[in-house]
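Report on the structure given below.
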Amino acid sequence: MSSSRRKVCVVVTARPSYARIRTALEALRARDDVELQIIAVASTLLHRYGEVAKVIEHDGFDITWRIHSILEGENLVTQAKSTAIGLAETATALENLRPDVVVTIADRFETIATAIAATYMNIPLAHVQGGEVTGNIDDRVRHAVTKMADMHLVASKGAADFVIAMGEHPDSVYLTGCPSVDIAAKALQDPQLPENFFERFGGVGGEFDLRAGYLVVMQHPVTTEYEQAYEQAEETLRAISELGMPTLWFWPNVDAGSDATSKAIRVWRERGLLPNVHFFRNVPPEDFYRILINSKGIVGNSSVAIRECSWLGVPAVNIGNRQVSRERGPNVIDVPHDSAVIREAIRTHLAHGPYPQTPLYGDGRAGERIAEVLATEPLLLKHERQGDDHD
């Protein structure tokens, strides 16, 4: 390989982080001036979270390095220890790969492990989707990564303003939009679901005619409330069970409390209380957005309800505090963990139908903007841009 090619190392940590970087990966791969390196970490390698690494490879990307870092337990202790393992193993990967710039995504514990490794190794760090405010522990991780990052690739004007208000140099902040909106926009151009839907995507549970209408549920544990994860999941399960409407339910992520959320789902399923619900671990990003486009709405606490669904105009019932402070469009109804209130909000959305597009998080061209920045902008460490204060 020519030494003139810039080595861009992207660390993909989980199902949502891949969706939020894939179009940038495509744009980077297409460039002659970039050598793309991909590190697959943590839940991307685990079957119970959909083996996202296989999706990455199916999309034609080569995975340069794999890091197994998740300890069993899905509690605060294992989350902290998984962060430590990820930090140690990422440092080894970076020492071997010698990238010119490292890209870390969003606000997960694996994200901060990547950021610490790159920072201590004096490798320029680019952070995608900093500056957003959600109102939970993710804020602390996200903002800590912002203070370590040398380049900030933000999804919204509000996020750009927030990063600059945190003291980051304006020249290091690039308003790119969110790459997951790129995929959602592409799916909107070809929204048809495959006829062999359940055969193609697998999963378990009831099967039904999707043309008759269905809901999507994606509910993750809230790390600061992980001891309540079982009860919180039960409120959503009760609302969906009582509605009796066909539903596609996606498994929770790997955060603390995931075992309790998963246990609640299994208990309700095994008691026969969810005959109209089909469960999935993972589907490819475009197909996931097609599922949203054709649905009557999404229920739960995933950021996709706030971000991509604002662009798609998909009605969203946002439950609890996980996204409490995130910028949102008119498609969102916020509710507490109360089955009756959840059920009423769903009915309100069913009566309303789709919402107008709200381009809060991008216009469908974020990936190419991110690739251009990573490939061509000066790779300056923070002290080189702002002046070393010799603290």
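The values are calculated or read from the model by the stated rules, or taken from the named source; none is laboratory data. Source: prediction; values computed, not measured. Methodologically, a virtual Cβ is constructed for each residue, glycine included, from the backbone with ideal geometry; neighbour enumeration extends over all protein chains shown.
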Test set (1) touching an Asp or Glu at 6+ places or on another chain (Cβ under 6 Å); (2) free of Cβ contacts under 8 Å to residues at least 60 places away in the same chain - residue 259 fails condition number: (2)
Number of positions in region 18-61 that are under 19 Å from residue 282 (Cα atoms) and basic (Lys, Arg): 4
Single condition residue 368 does not satisfy, out of (1) more than 29 Å from residue 27 (Cβ to Cβ); (2) part of a helix (DSSP H, G or I): (1)
Subset tally (residues that are within 18 Å of the chain's Cα centre (by Cα) and over 22 Å from residue 96 (Cβ atoms)) for region 32-58: 10
Residue list for region 117-154, filter: surrounded by 24 or more Cβ atoms within 10 Å (Cβ to Cβ), within 15 Å of the chain's Cα centre (by Cα) and of a type in the set (Val, Ile, Thr): 128, 154
Residue within region 316-334 that is among the acidic types (Asp, Glu) and in contact with a strand residue (DSSP E or B) (Cβ under 7 Å, 6 or more places away or on another chain) present: yes
Filter pass, residue 110 being in contact (Cβ under 8 Å) with a residue 12 or more places away in the chain and charged (D, E, K, R): yes
Search result, residues across region 36-49 that are surrounded by 20 or more Cβ atoms within 10 Å (Cβ to Cβ) and within 27 Å of residue 279 (Cα to Cα): 40, 41, 42, 43, 44, 49
Helices (runs of 4 or more DSSP H) lying entirely in region 220-313 (those with 3 or more residues that are over 19 Å from residue 186 (Cα atoms) and either in contact with a Pro (Cβ under 7 Å, 6 or more places away or on another chain) or in the same structural domain as residue 202 (by TED's automatic domain parsing) (or both)): 229-243, 258-270
So residue 66, is it of a type in the set (Lys, Arg), in contact with a Lys or Arg (Cβ under 7 Å, 6 or more places away or on another chain) and in contact (Cβ under 8 Å) with a residue 24 or more places away in the chain: no
Matching entry among 20, 29 (being crowded, with 20+ Cβ neighbours inside 10 Å and either under 16 Å from the mean Cα position of the chain (by Cα) or in the same structural domain as residue 98 (by TED's automatic domain parsing) (or both)): 20
Positions within region 202-216 being outside any loop (DSSP other than H, G, I, E, B) and under 23 Å from residue 272 (Cβ atoms), in sequence order: 204, 205, 210, 212, 215, 216
